[in-house]
Structures are given as C-alpha cells and as structure tokens.
Amino acid sequence: MNQPRGIYDSERACLQHPVRRERTRLFGRQLRQLLDAGLELLFPSRCAGCQRVDTVWCPECQDLLDAIPFPARQARAHSPFTALACSGDHNGLLRQALLALKYENAAQLAGPLGNRLASLVTGLQWKTDFLVPVPLHPSRERERGYNQTRLMGQVLAQKLCIPLADDALYRTGNTRAQVGLTRRQRLENVSNAFVVNAKRVQGCDLLLVDDVYTTGATLGECARALLAKGARSVFGLTLTRAVSPANHGEGNPEWM
Ligand SMILES: [Zn+2]
C-alpha cells in the first residue's frame, strides 16, 4: 500500500533517524527562543511594582516589599483553624505583585511572594506535616496555565522543608468566581465544592494556603472538608487579606 507523500515522509524520516529528530527538536527550541526574544523586544517586561522596563520584579521593589511589616495581630484561634495568618493587607505593592502573578503571567513573582510567606510562617513557629494549596477551578487553571497559589506554595514548602501535596484536596463543583458576591453568597457558592483524599490527610497537621482572604468562605470550606476526613489540624495562611465593601459590615469575625 502506498503511503501518502509530502510532510508525512519528512516526519517519518525524522522518526527513523535520531540525528534528524534531534536537529528538528533543536530547531523548534531555537524558533521558540527567537519568538520569545522578538516578543520581549516588542513588549519588554516591566516591574510589577514600579513599571521599570526589562525586569518583572526589581531590587528596589523587593526592598520595599521586605519593609512591609506583617500584621501586628493575626487571627484568633477559632474553628475550623488551629491558627490563621496573612502576610499583609490586599493593597499597595503586595496587591500589585499578586495581581501580576495572577493575571499578567508573571510566574517569577511566586519567588519573592513565597519567600515572604516562608518568613511569616517561620516566625509563627507553626509545625505542620505538609502544605496543601487551595486548588483553582480546573477550567480557570487551564485558562491561566497555572495555579498562582501552588506556585507560591512550592517556594514556601521548599523553604519550610515540608512536602506540597497535590493529591489531598480537589475542587469539584461548578462554583462561579467569588468576586462581587456577599459573604452569604460566597458560603453557598463554595459549600461542597471540595473533595478530600482521606488517606492522604488522616492524622496530619496541614498548612492550607491561598492567595487572598476575602470573607474566608473558600479557606473555611477547605479546612472543614480536610478536618471532616480526619486531618488532625489545619493552619490557614494567605498572602493578603482584603477588606472590601462586599464584606464590610457583614464582618470578618475571625480577624482581630
Ligand atoms: Zn520595581
């Protein structure tokens, strides 16, 4: 039987000759690097803090980030958390850096932000067995290409010398984005949205991490689900804590 000719032949030739296949692979990588360089020329990186060109995060903004104090008082110990902490309010430089990580594809910002979380947890002397990042809705993660909380969590887990567990907590339900919902609507939206791998969490002390604490609906639902499946304790941690008109008045009872 005759094989179709043309592109198929060259592909088959590549399959048959490892040297050619390697050359094609290298050419593909070079082409990608060339495209990246071209895009960088047309749209140079800008610092997420000060908009300086040619870097996503400059040393001066790092110094300013280091100078932002952690909140003097963290949350009261209350159910479902053994303790709850955030590294600062959701405004200024901290917010800018997080938004760049989240929406501008600036994955490199996970480094400085993850390190900030590590300094906070080290100071609080929390002892946990492993880190659980709050999962993104699968369609949101596909769209973005990554989970920003997981990226920060990788840096944090490495600093704390604990593992990061991807197989402990899954998001299932068709929850919609929490933006613009009241506290009550957020609670309804995330109830039963998470599934826990009981074998993974039983008897363990967990460090549950999310990017922003708004009403606490998501973080609380995750913690309750983990405890219901046998986790011994859950320490909640977020990069920032938002105080917005949406939850003002209805209160964030857990924060002092
Ligand atoms: Zn800067």
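The values are calculated or read from the model by the stated rules, or taken from the named source; none is laboratory data. Remember, predicted model here, so these are calculated numbers, not experimental data. Note that we place each Cβ from the backbone using ideal geometry, even for glycine, and neighbour counts take in every protein chain shown.
Below, the figures for the structure above:
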item	result
Cβ-Cβ under 6 Å pairs, at least 6 apart or on other chains, region 175-197 side over 11 Å from Thr215 (Cα atoms), far side assigned to a helix (DSSP H, G or I) and at pLDDT below 75	Thr175/Asn189; Thr175/Val190
Any strands (runs of 3 or more DSSP E) falling wholly within region 130-247 and containing at least 1 residues that are in the same structural domain as Leu93 (by TED's automatic domain parsing), crowded, with 17+ Cβ neighbours inside 10 Å and among the polar types (S, T, N, Q)	233-241
Asn91 vs. criteria in contact with a Lys or Arg (Cβ under 8 Å, 6 or more places away or on another chain), away from the ligand (no atom under 11 Å from the Cβ) and not hydrophobic (A, V, I, L, M, F, W, C)	no
Boolean, Leu26 is away from the ligand (no atom under 14 Å from the Cβ) and touching a residue at least 40 places away in the same chain (Cβ under 8 Å)	no
Identity of the residue in region 59-79, aliphatic (A, V, I, L, M) and out of contact with any Phe, Trp or Tyr (no Cβ under 9 Å at 6 or more places or on another chain), that ends up nearest to the ligand (Cβ to nearest atom)	Leu64
Residues (within 16 Å of the ligand (Cβ to nearest atom) and out of contact with any strand residue (DSSP E or B) (no Cβ under 9 Å at 6 or more places or on another chain)) located in region 29-58	Ala48, Gly49, Cys50, Gln51, Trp57, Cys58
Residue within region 99-107 that is touching a residue at least 40 places away in the same chain (Cβ under 8 Å), in contact with a Cys (Cβ under 8 Å, 6 or more places away or on another chain) and not in a helix (DSSP H, G or I) present	no
Ser119 being away from the ligand (no atom under 16 Å from the Cβ) and under 18 Å from Met152 (Cβ atoms)	yes
Residue ID - farthest from the chain's Cα centre (by Cα), chosen from residues in region 141-153 that are touching a residue at least 24 places away in the same chain (Cβ under 8 Å) and within 18 Å of Val234 (Cα to Cα)	Gly153
Residue pairs meeting the criteria (Cβ under 6 Å; at least 6 apart or on separate chains; first aromatic (Phe, Trp, Tyr), in region 115-140; second not in a strand (DSSP E or B))	Phe130/Ile162; Phe130/Pro163; Phe130/Ala165
Residues being in a helix (DSSP H, G or I) and surrounded by 13 or more Cβ atoms within 10 Å (Cβ to Cβ) - total across region 50-76	4
Region 185-221, residues that are under 22 Å from Cys86 (Cα atoms) and modelled with pLDDT under 75	Arg186, Leu187, Val190
Subset of region 188-221 (residues that are over 20 Å from Ala165 (Cα atoms) and charged (D, E, K, R))	Glu188
